[in-house]
Amino acid sequence: MHSDSSAPKPLVANEGIKTASNHLRGNLKAEFSDLATPHVSADAEQLIKFHGTYIQDDRDQRITLKRAGKDKAWSFMLRVRLPGGKATPKQWLVLDGLAEQYQFPSLRLTTRQTFQFHGVLKGQMKPLVKAMHTVLLDSIAACGDVNRNVMAPVNPEQSPVQELVYQDAKGWSDYALPKSRAYHEIFLDEELVAGGEPEREPMYGDTYLPRKFKTGFAVPPSNDVDVYSQDLGYIAVIENGQLVGYDVTVGGGLGMSHGNEETFPRVADTLGFITRDQVNAVGHAVITTQRDFGDRTNRKHARLKYTIEDRGIAWFKAQVEERSGVKFGAPRAGKFTTIQDQHGWHQNADGTWFYGLHILSGRIIDRAGWPMKTALREVAQLLEGTRGDFRLTPSQNLTISGVSAELKPKVDAILAKHGLDKENERSGLRLNALSCVALPTCGLALAESERALPEILEKFETVLDESGLRHDAISLRVTGCPNGCARPYLAEIGFVGKAPGKYALYLGAAYTGGRLNRLVAPSITIDDAVKLLDPVIKRYAKERAAGERFGDFCERVILPWHRRPRARRRAQARRTGGLSEVSA
Ligand code: SRM
Ligand code: SF4
């Protein structure tokens with residue numbers, strides 16, 4: 001437990017910025033109208049996150065520009081809010097067209113089922129938001145100290161249960177949106193209403209949360225949303241084919257800093273069972289508890305996982321029960337057996353079809369011999385006006401959904417024409433690989449990630465091919481720094497950027513997302529990691545027990561003598577019985 005010191009610690013600067021902002025307005029309207037500078041002020045830099053955008057610079061150009069005595073190449077990243085990752089063909093076409101105008105003319109699918117634009121110049125920001133608004137899209141609360149994009153099942157049409165879970169996720173996403181009209185005033189020229197009722201944030205309060213907050217809805221047997229990495233998780237409980245409610249999880253989170261044991265990834269605890277009608281009340285109580293008790297004096301200790309770690313899960317559960325009036329029942333959800341997206345063609349319960357398309361690192365761009373962006377534009381044009389649409393998956397992939405039997409061969413023809421019909425040829429490793437954006441846009445990257453992934457995959461695929469494991473599903477995730485944006489601590493093989501060309505290597509998470517991996521090499525090159533893992537992979541091929549996953553094999557055979565850092569051992573020890581079910 002953290003001891004209460006007599007002199008209260010000062011609040012971090014962000015708290016002052018939020019307090020003074022008048023519900024996230026600050027001076028942003030004026031700053032975005034001032035095109036004399038390419039960026040915004042330091043205070044505004046913090047506030048714009050609540051509106052879904054970050055200021056960045058092109059790190060590939062930094063040295064050249066500095067040598068030439070020039071300013072950095074500033075631009076904005078904008079993240080769309082897209083609960084459950086659902087986008088219509090019309091929305092796709094608008095976003096696709098917009099992306100062409102920016103410094104990095106691509107659409108980037110994120111690990112939380114939404115789109116990012118990179119390289120948007122300041123003067124392009126308002127037109128971008130206005131164009132998105134014409135197709136009912138926005139970027140409100142896509143970043144910032146609030147509940148962010150809510151993750152949910154990719155194909156609600158697959159079964160009536162999935163559809164209900166999607167509706168609950170959408171309902172919670174709407175409920176947890178900030179009430180402030182700041183975004184509309186700053187980017188959409190809505191006038192601030194003078195007089196009238198004062199604006200209120202009934203759930204968040206005037207200073208919002210101490211830190212970002214994330215929610216995911218999972219439907220067993222798929223843990224595609226990595227529910228144990230979320231601050232708040234709802235695991236569907238399905239009995240006799242009916243959705244009877246959810247097991248609620250709290251306190252997951254992955255960000256850490258190298259060498260700082262006070263920061264650590266943590267898998268969520270299970271609070272217990274609730275019925276569907278209690279989703280928003282329980283979420284509200286979780287958020288207000290974190291609002292009132294989260295650490296506002298240290299942003300590296302401000303996530304819900306630390307509040308729970310410090311005060312204990314029993315205390316937290318009692319707070320949530322008291323605030324919501326809901327008593328948790330014993331956990332009832334079924335087991336998770338997979339995290340992998342469904343690739344290729346599958347039929348929905350309503351008779352329509354969906355096609356799961358692998359997209360390396362979620363980057364939609366036209367490359368020589370691989371015109372992904374053009375192909376998907378043609379698919380969107382074909383599907384416009386039909387029931388068909390697009391679903392972004394938590395693994396940065398795409399599902400073309402709701403396709404009629406009549407349109408199915410036409411979608412096939414477009415994919416084949418552009419060489420995108422190769423789902424069956426991809427290795428199990430590739431289909432289970434994630435990487436974060438990292439360089440050149442991410443200001444926090446210590447090493448390459450997205451740009452390193454193709455080479456990493458090729459090297460490991462060679463070893464897997466030699467071992468006869470080409471089609472085994474093994475999760476590999478890479479990030480450019482320890483913040484964990486591609487959830488690397490839940491990968492069977494995790495690479496976490498340390499310095500240019502160097503990574504911390506982690507091994508042995510449970511494939512289904514219930515157990516963290518362990519650090520096996522603090523700073524290693526990719527080539528040395530391949531050499532280190534080559535004999536491990538070959539041993540796995542020969543010695544694994546029936547059905548044993550690579551991560552579980554490493555945990556059983558390779559890692560028993562690898563100690564977990566103290567703080568992470570403590571976090572692991574707090575796992576509940578519900579978790580051990582899925583980590584087997
Ligand atoms: Fe992340 C910060 C990209 C999912 C943990 N993340 C960032 C920033 C905004 C860098 C920054 O602060 O300047 C990155 C922008 C890079 C760029 O150029 O686009 C960034 N995060 C991403 C995305 C785009 C990675 C991707 O390749 O898909 C993901 C966007 C998700 C979305 O649509 O909302 C993304 N980030 C995640 C996840 C995974 C998840 O949520 O499922 C995590 C780990 C889970 C968690 O939150 O614990 C994650 N991002 C972080 C952190 C560490 C937070 C912490 O508690 O320590 C930071 C840094 C921070 O907040 O200080 C961060
Ligand atoms: Fe940037 Fe680090 Fe997140 Fe990768 S993990 S996108 S390098 S903050």
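Since every read-out is calculated from the coordinates, none of them should be taken as a lab result. In this text, all values refer to a predicted model and were calculated from it rather than measured experimentally. Ideal geometry is used to build each Cβ from the backbone, glycine not excepted, and the neighbour counts take in all protein chains shown.
Couple of notes before you dig in:
- Using all pairs of distinct alpha-carbon atoms, the Kirkwood hydrodynamic radius of segment 381-537 works out to 17.0 angstrom.
- Computed packing ranks the peptides 14-21, 418-425 as 14-21, 418-425, most packed first, by mean other Cβ atoms within 10 Å.
- Counting Cα-Cα pairs of the chain in 10 Å increments starting at 0 gives whole-percent bin shares of 3, 17, 28, 29, 18, 4, 0, 0.
- Part-to-part distance (alpha-carbon centres) for segment 294-368 and segment 161-190, which is given in Å: 18
- Every Cα-Cα pair in segment 275-366 was counted, and those over 17 Å apart are 69% of them.
- Volume of the convex hull of segment 221-283 (Cα atoms only), normalised per residue: 89 Å³.
- Distance histogram in 10 Å bins (all Cα pairs of segment 1-147, percent per bin): 10, 35, 31, 16, 6, 1
- The chain - Cys residues lacking any other Cys C-beta under 4.7 Å: C143, C442, C481, C554
- Candidate lysines for bridging to K179, where Cα separation is under 22 Å - those fewer than 8 sequence places away on the same chain excluded: K18, K29, K49, K126, K130, K170, K212, K214
- The packing ranking of peptides 460-470, 165-175, 148-158, highest mean first, is 148-158, 165-175, 460-470, where packing means the average number of other beta carbon atoms within 10 angstrom of each residue.
- Here is the P(r) of segment 159-232: all C-alpha pair distances, binned every 5 Å from 0, give 3, 12, 16, 19, 16, 12, 11, 7, 4, 1, 0 in whole percents.
- Dipole check for segment 129-225: with +1 at the C-beta of Lys and Arg, -1 at the C-beta of Asp and Glu, and the Cα centre as origin, the magnitude is about 360 Debye.
- Arranged from fewest to most other beta-carbon atoms within 10 Å of their beta carbon, W315, W92 become W315, W92.
- Applying 1/(1 + (r/R0)^6) with R0 = 25 Å to the Cβ-Cβ distance of D34 and I63 gives a FRET efficiency near 0.30.
- Footprinting exposure proxy for T479, T249, T289, T207 (fewest neighbouring C-beta atoms within 10 Å first): T207, T289, T249, T479
- Counting every other Cβ atom within 10 Å of each residue's Cβ, Y228, Y503, Y355 order from fewest to most as Y355, Y503, Y228.
- Pairs of Cα atoms farther than 27 Å apart, segment 330-464, %: 28
- Our note on the geometry: Cα centres of segment 205-281 and segment 491-564, 25 Å apart.
- For segment 209-227, no residue has its backbone nitrogen under 16 Å from a point 7 Å from the Cα of D350, taken along Cα to Cβ.
- Pairs of Cα atoms farther than 17 Å apart, segment 26-77, %: 40
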